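The values are calculated or read from the model by the stated rules, or taken from the named source; none is laboratory data. Here the structure is a predicted model, which means the values were calculated and not measured. A quick note on method: Cβ atoms are made from the backbone with ideal geometry, for glycine too, and the neighbour counts reach across all protein chains shown.
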Amino acid sequence: MNKIKFLGTAGARFVVMKQLRASGGLWLSLDDTDVLIDPGPGSLVKCMTSKPKFNPLDLDGIILTHRHLDHSNDINVMIEAMTNGGLKKKGVVFAPQDALEGDPVILKYVRDYVDRVEILKERGNYTLKNISFSTPVKHVHGVECYGLNIQAENMSISLVSDTQYFEGLESYYPGDVLIINVVRVEPTEHIFHLSIEDAEKIIAANKPKLCILTHFGMTMIRAKPWEIAHQLSEKHGVEVIAARDGMSIDLDK
Ligand SMILES: [Zn+2]
């Protein structure tokens, strides 16, 4: 079964710190390939407390879009869990260079537990078991950050990770299913995050089969993201939904 499980929908510091929404990232099961994207704080706990449980040993890989803590906090423990505490060497970790050097968020000793670590780069193409993905453009986010275009046999999924809006952003993410990290309602300078107005430009230009908004900051939570999603659906004739913690999307439908 092809599906996306939202182990968290929190974005940015305050919603994460107060755990107003969970912050465990996304678990994607696609063409018999299991990948965890952006395991923020509580990812392991959410895997274990979901019903049914998500067994980290089933993972084929972990993708980190960028090093910020709300995306990376649990990456080391998830690498341990994926590899049975390092006893079973397996899996691939994908991350930008700055997650691995300087003040690395991926600890050196766990890197030996996986089959390989691959560095994400602008216009990079990668393969993980039965799926492939690309990182089409470097985002504007203060640290090295990439969105993903994931290609499976019968569908494509685009994930627009954290970024400030920039001219032409929408042209990079043409997936059938479009997931957008929308932290704010209103555009705000120097915040380096997308607003609803920005998300709308991508939706209007790309008309995906399904759009899922997630990674909500305080202003989004207060504004009731499900109501915003409903308004966007009506306005653009595209199915837009707001992610909820624990939500599972059946991609075969
Ligand atoms: Zn970020």
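Here are some notes:
- Selection from region 36-53 of residues that are outside any strand (DSSP E or B), in contact (Cβ under 8 Å) with a residue 24 or more places away in the chain and not acidic (Asp, Glu): Pro39, Gly40, Pro41, Gly42, Ser43, Leu44, Lys46, Cys47, Ser50
- Unmet criterion (only one of (1) more than 16 Å from the ligand (Cβ to nearest atom); (2) under 20 Å from Ile157 (Cβ atoms); (3) modelled with pLDDT under 95) for Lys51: (2)
- Subset tally (residues that are assigned to a loop (DSSP other than H, G, I, E, B) and within 22 Å of Asp252 (Cβ to Cβ)) for region 10-35: 2
- Which numbered condition Glu189 fails, given (1) more than 18 Å from Val35 (Cβ to Cβ); (2) within 16 Å of the ligand (Cβ to nearest atom): (2)
- Test: residue in region 80-87 that is at pLDDT 95 or above, in contact with a strand residue (DSSP E or B) (Cβ under 9 Å, 6 or more places away or on another chain) and either more than 14 Å from the ligand (Cβ to nearest atom) or in a loop (DSSP other than H, G, I, E, B) (or both): yes
- Taking the listed residues Lys253, Lys235, the one that is in a loop (DSSP other than H, G, I, E, B) and over 20 Å from the mean Cα position of the chain (by Cα) is Lys253, with no other qualifying.
- Residue among Gly147, Gly142 that alone is surrounded by fewer than 17 Cβ atoms within 10 Å (Cβ to Cβ), within 14 Å of the ligand (Cβ to nearest atom) and either touching a residue at least 24 places away in the same chain (Cβ under 8 Å) or closer than 20 Å to Ser171 by Cβ (or both): Gly142
- Residues of region 142-152 that are at pLDDT 95 or above and either among the aromatic types (Phe, Trp, Tyr) or farther than 18 Å from Trp27 by Cα (or both): Val143, Glu144, Cys145, Tyr146.
- Scan of region 102-139 for residues that are within 16 Å of the ligand (Cβ to nearest atom), touching a residue at least 40 places away in the same chain (Cβ under 8 Å) and under 21 Å from Ile212 (Cβ atoms), ordered by number: His139
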